[in-house]
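The values are calculated or read from the model by the stated rules, or taken from the named source; none is laboratory data. All figures in this text were calculated on a predicted structure; none of them were measured in a lab. Cβ: placed from backbone, ideal geometry, glycine included. Neighbour counts: every protein chain shown.
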Amino acid sequence: MGRHLVSAKNDKVYVLDTGPLSHFARSQWLGALKAVLHESRVLIPDTVETELRSGVAQHSELQAVLDADWIEMTVIDTDEQLAAFSHYTRHLVGPARRNYGECGVLALAETTPNATAVLDDRVAKRLGEQRKVEVRGTLGLLCEAIRQGLLTVPLVSAVADDLLMNRYRLPFGPGGFARWAEENGLA
C-alpha cells in the first residue's frame with residue numbers, strides 16, 4: 001500500500017470506499033480509475049484497507065489495490081477524525097457490523113481539506129452531505145471523466161458492463177450506461 005505522500009498536480013483529494021475499489025479491481029479496470037484520478041491525491045482510510053485485506057482470500061484481484069503506489073492509506077487517529085468516525089458509526093453501523101469502510105471514508109473526507117468522499121451507499125452519502133462532506137458516486141466520477149475528455153462513453157459503457165458482471169449495483173442494466181447518462185445529462 002502506498003503509504004507515502006503521492007505527488008499530485010492539484011490539491012484535490014479523493015477518499016475512496018471499498019466498493020468502488022473492489023469492483024474496479026475485480027473487473028480489471030483499476031487502471032481506468034487511476035486515469036480518472038491521476039492529478040489528485042487518492043486516500044483510503046485504514047477501515048477500507050482492512051476490508052480489502054479481508055477480501056483478498058476470496059478475490060485475489062484486490063491485492064492490486066493494496067499494492068497500488070497511487071493510493072495512500074491513512075490511519076484514522078486524530079481527535080477530529082475519531083470524533084467524525086464515531087458520529088458516522090452511530091448512524092451507519094448496525095447489528096450486522098457493516099459499513100465501517102463508509103464511516104472511515106466519510107470521517108477522513110470530512111477532516112481533510114479539499115477532499116471528496118467516493119462512495120455509492122445512499123444512506124452514507126446523505127449522512128455525509130448533511131455534515132457538508134463533498135460526496136461523489138462512482139458514476140459521477142466516470143461521467144466527469146467523460147466531460148473532461150479523459151474517458152469516452154464507449155469505454156465507460158464497457159467499464160459499467162464489467163462492473164455489473166461483478167454484481168456492482170448500478171441504476172441500469174448491461175448496455176444501459178450511454179442511455180442512462182444521456183437521460184440524466186451526465187455525459
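General remarks:
- Selection status of Q63, part of a loop (DSSP other than H, G, I, E, B), under 19 Å from N166 (Cα atoms) and not charged (D, E, K, R): no
- Exactly one residue out of L108, L33 is under 21 Å from V159 (Cα atoms) and touching a residue at least 12 places away in the same chain (Cβ under 8 Å), and it is L33.
- Verdict on R131 being among the basic types (K, R), outside the structural domain of T50 (by TED's automatic domain parsing) and more than 18 Å from V48 (Cα to Cα): no
- Within region 113-139, the set of residues being exposed (fewer than 13 other Cβ atoms within 10 Å of the Cβ) and of a type in the set (A, V, I, L, M, F, W, C) comprises V123 only.
The rows are residues; the columns are (1) of a type in the set (K, R); (2) within 14 Å of the chain's Cα centre (by Cα); (3) under 21 Å from Y14 (Cβ atoms).
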| residue | (1), (2), (3) |
| --- | --- |
| L151 | no, no, yes |
| A160 | no, no, yes |
| Y168 | no, yes, yes |
| G176 | no, no, no |
| R179 | yes, no, no |
| L186 | no, no, yes |
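- Selection count where residues are over 18 Å from the mean Cα position of the chain (by Cα) and either buried (at least 22 other Cβ atoms within 10 Å of the Cβ) or not in a loop (DSSP other than H, G, I, E, B) (or both), scope region 90-112: 2
- Some residue of region 69-78 being touching a residue at least 40 places away in the same chain (Cβ under 8 Å), part of a helix (DSSP H, G or I) and within 26 Å of D11 (Cβ to Cβ): no
- Residues satisfying the stated conditions in region 146-166, i.e. closer than 16 Å to S27 by Cβ and touching a residue at least 40 places away in the same chain (Cβ under 8 Å): L151, L155, V159, D162, L163, M165, N166
- Qualifying residue in region 113-124 (condition: more than 20 Å from Y14 (Cβ to Cβ) and either in a helix (DSSP H, G or I) or outside the structural domain of L30 (by TED's automatic domain parsing) (or both)): yes
- Among the candidates A158, A84, the residue that is over 23 Å from L33 (Cβ atoms) and part of a helix (DSSP H, G or I) is uniquely A84.
- Residues that are touching a residue at least 40 places away in the same chain (Cβ under 8 Å) and crowded, with 19+ Cβ neighbours inside 10 Å, drawn from region 39-66: L43, I44, P45, T47, V48, E49, E51, L62, V65
- The set of residues from region 159-177 being aliphatic (A, V, I, L, M) and either over 19 Å from G19 (Cβ atoms) or in contact with a helix residue (DSSP H, G or I) (Cβ under 7 Å, 6 or more places away or on another chain) (or both) comprises V159, A160, L163, L170.
- R167 meets the stated requirement of being assigned by TED's automatic domain parsing to the domain that holds A178 and closer than 28 Å to T89 by Cα.
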